[in-house]
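Every read-out reported here was derived from the displayed coordinates using simple, explicitly stated rules and does not represent laboratory data. Here the structure is a predicted model, which is why all the values come from computation and not from measurement.
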C-alpha cells in the first residue's frame, strides 16, 4: 500500500458522511415543502424523532471520523 491511499475505514467514513449529508438535505427539503403545502402538523410530529436519529447518527459518524483520522495520522 502506498502512502497516498486512504485506509478502508477512511473511505467508509467518507461514503457514510456523504450519504448522511444527502439524507439531511432531503429531509430539509421535505420539511420546507411540507410547510409550503400546509402539512406542517405531520412534519412537527415527525421532527423530534428525525432530530433524535440525526443526532445519534451524527455522533457515531464523528467518532468514526475521529478514529479514521487517528489511524491515518499513524501511517
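Rounded to a whole number, what is D in µm²/s for segment 8-74 from Stokes-Einstein with the Kirkwood radius over alpha-carbon pairs (20 °C, 1.002 mPa s)? Please report the intermediate quantities before stating the final value.
Numbers: Rh = 13.5 Å.
My calculation gives 159 µm²/s for D.
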**Request:** Round to the nearest 10 and give me the degree value, 0 to 90, for the angle of helix 40-74's Cα axis relative to the longest principal axis of the chain.
**Result:** 10
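Relative contact order for the chain using alpha-carbon pairs under 8 Å, separation at least 6, rounded to a whole percent? Please report the intermediate quantities before stating the final value.
Working: 20 pairs, mean separation 45.9, N = 75.
Relative CO of the chain lands at 61 percent.
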**Asked** Looking only at 20, 37, 54, which one moves most when the chain is put into a Gaussian network model with springs between Cα atoms under 10 Å?
**Response** 37
**With Cα atoms, 0 to 90° folded angle of helix 8-36 axis to the chain main axis** = 10
